[in-house]
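I have placed the structure first, in the form of structure tokens, so that the comments after it can refer back to it.
The values are calculated or read from the model by the stated rules, or taken from the named source; none is laboratory data. The structure presented is a predicted model; accordingly, all values stated were derived computationally and were not measured. Here Cβ is always computed from backbone atoms with ideal geometry, including for glycine, and neighbour counts include all displayed protein chains. Ligands, DNA and RNA are excluded from the accessible area calculation, which covers all protein heavy atoms including side chains. Shrake-Rupley method; radii C 1.70, N 1.55, O 1.52, S 1.80 Å.
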Amino acid sequence: MTNVRSFFLAISLSMATMAAAIVSTSALDRAHAATAEDLNRDADQALQALYRTNPVAADISKRARAILVFPNIVKAGLVFGGAYGEGVLKQGSKVDGYYNSVTGSWGLQAGAQSYGYVVFLMSKKAVKYVHQTHGWEIGVGPTVVIVDAGVAKNLSTSTLKDDAYAFIFDQQGLMAGVSIEGTKISRINR
């Protein structure tokens with residue numbers, strides 16, 4: 001039994017090492033942008049890429065009161081894991097603040113990946129909550145709907161009833177699945 005555990009531990013470590021190599025150094029650099037200008041540029045590019053590939057996101061953006069854009073989150077784990085990235089809160093074309101996204105996890109996991117996500121805040125209540133909390137945990141507070149292919153098929157601007165809609169995009173690396181449940185979003189100074 002000990003040999004089996006050792007074998008699986010060795011395989012897990014190997015997979016995590018390979019996955020970490022796949023997530024490039026530039027992805028890690030983008031996760032912790034050096035300046036506000038870097039974040040603004042990366043957020044604008046991420047939004048445009050999302051709109052080109054997902055017309056539902058483009059439609060929702062027209063009705064959103066504010067948009068939280070995290071252009072690059074880096075996630076890694078081997079039993080215990082974490083994810084980190086920085087982003088921008090936009091109201092119209094104006095930047096309304098800078099935020100970080102932090103997630104901790106544990107369980108059956110091995111590998112590393114990068115991805116981006118955007119949260120469209122649809123109500124005044126949701127925007128106010130983000131402004132007034134000293135850290136918003138997704139899953140607590142405003143209702144956030146994660147928009148995947150199934151949800152997107154039934155979503156239109158006339159059916160928008162929730163406080164916020166999140167789109168995950170640009171996944172790269174070797175780690176199964178992405179979830180932003182339990183992610184804490186906090187304001188940072190830039």
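Checked against (1) assigned to a strand (DSSP E or B); (2) surrounded by fewer than 21 Cβ atoms within 10 Å (Cβ to Cβ); (3) among the small types (Gly, Ala, Ser), Ala58 meets all criteria but (1). Just one of the listed residues (Ser114, Ser105, Ser186) is surrounded by 18 or more Cβ atoms within 10 Å (Cβ to Cβ), modelled with pLDDT of 75 or more and among the polar types (S, T, N, Q), and it is Ser114.
Here Val140 meets each of (1) open to solvent by 30 Å² or more (accessible area, probe 1.4 Å); (2) at pLDDT 75 or above with one exception, condition (2).
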